[in-house]
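Remarks on the structure that follows.
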Ligand code: SF4
Ligand code: SF4
Ligand code: FES
């Protein structure tokens with residue numbers, strides 16, 4: 001290749017890179033209008049509702065926790081143009097759409113029963129007594145349709161009415177207490193509080209304790225961790241950091257068979 005040819009090639013490659021950068025910039029800069037609590041903002045396309053609100057200048061002091069779809073703090077209600085449906089979602093997981101009208105409902109009011117958990121029996125009657133609203137369910141399934149965690153909320157309530165706490169707790173395992181089901185319930189049930197009580201009763205009073213948890217409990221009570229703890233507390237920060245870096249990590253690739261090594 002002659003010197004002139006390589007110069008030409010370098011120029012065309014530089015132009016190509018410049019065009020790519022310009023396209024990338026335009027993609028990044030593309031803005032769409034959204035309405036937050038009735039006010040119009042132009043926000044970059046592709047942002048989640050949470051990031052779009054922050055871009056628009058809102059600062060979250062409530063209604064934001066994990067930013068990863070697991071704490072349930074960021075429930076949001078929205079409508080889209082030309083669509084009569086009322087949509088709900090988590091602000092940290094839902095991506096903005098052009099002309100979306102939205103508002104946040106970080107807390108949805110619902111009565112929570114008072115109880116002394118220690119005194120509760122693992123019986124469905126205890127739940128019925130504390131939450132008699134459960135029998136107001138009209139099986140409309142609106143709760144299931146809005147649940148961002150895909151929990152079959154209506155089935156959870158049905159199993160409870162049949163007295164099957166274990167099945168209800170199993171189906172509701174992923175509930176993040178966002179309250180969106182409660183916001184749409186025509187029977188006015190506080191599902192998220194009912195689910196919380198169900199899971200507590202199941203976890204503490206019905207589910208059998210796992211063997212390794214029992215062994216860990218016994219090891220703590222018998223003092224097996226006291227000496228290793230004393231040793232840890234006596235070493236300096238540098239050594240502690242080194243130990244932390246070298247600690248046994250859960251290897252993602254190892255699959256479900258991975259178990260921590262027994263070191264005590
Ligand atoms: S069951 Fe209700 S409170 Fe729980 S995650 Fe689903 S919508 Fe949220
Ligand atoms: S939204 Fe309320 S009334 Fe409808 S199925 Fe769910 S719990 Fe029942
Ligand atoms: S911030 Fe935790 S679920 Fe959205």
Inset, instruction - Hey, can you tell me all the residues within segment 138-150 that are free of Cβ contacts under 8 Å to residues at least 40 places away in the same chain, more than 9 Å from ligand 2 (Cβ to nearest atom) and in contact with a helix residue (DSSP H, G or I) (Cβ under 8 Å, 6 or more places away or on another chain)? - result: 147
Legend entry - Breaking point among (1) without any contact (Cβ under 8 Å) to a residue 24 or more places away in the chain; (2) touching a helix residue (DSSP H, G or I) at 6+ places or on another chain (Cβ under 6 Å), for residue 43: (1)
Inset, instruction - Determine, yes or no, whether residue 49 is closer than 29 Å to residue 172 by Cα and at pLDDT 95 or above. - result: yes
Inset, instruction - For residue 201, work out the one condition from (1) in a helix (DSSP H, G or I); (2) loosely packed, with under 13 Cβ neighbours inside 10 Å it doesn't fulfil. - result: (2)
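Table: residues versus (1) buried (at least 19 other Cβ atoms within 10 Å of the Cβ); (2) assigned by TED's automatic domain parsing to the domain that holds residue 73; (3) within 14 Å of ligand 2 (Cβ to nearest atom); (4) not in a loop (DSSP other than H, G, I, E, B).
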| site | (1), (2), (3), (4) |
| --- | --- |
| 156 | yes, no, yes, yes |
| 187 | no, no, yes, no |
| 197 | yes, no, no, yes |
| 212 | no, no, no, yes |
Legend entry - Odd one out for residue 181 among (1) assigned to a loop (DSSP other than H, G, I, E, B); (2) in contact with a helix residue (DSSP H, G or I) (Cβ under 9 Å, 6 or more places away or on another chain); (3) within 16 Å of ligand 3 (Cβ to nearest atom): (1)
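The values are calculated or read from the model by the stated rules, or taken from the named source; none is laboratory data. Only a predicted model underlies this, so the values are computations on that prediction, with no experimental measurement involved. Please note: Cβ atoms are built from the backbone with ideal geometry, for glycine as well, and neighbour counts cover all protein chains shown.
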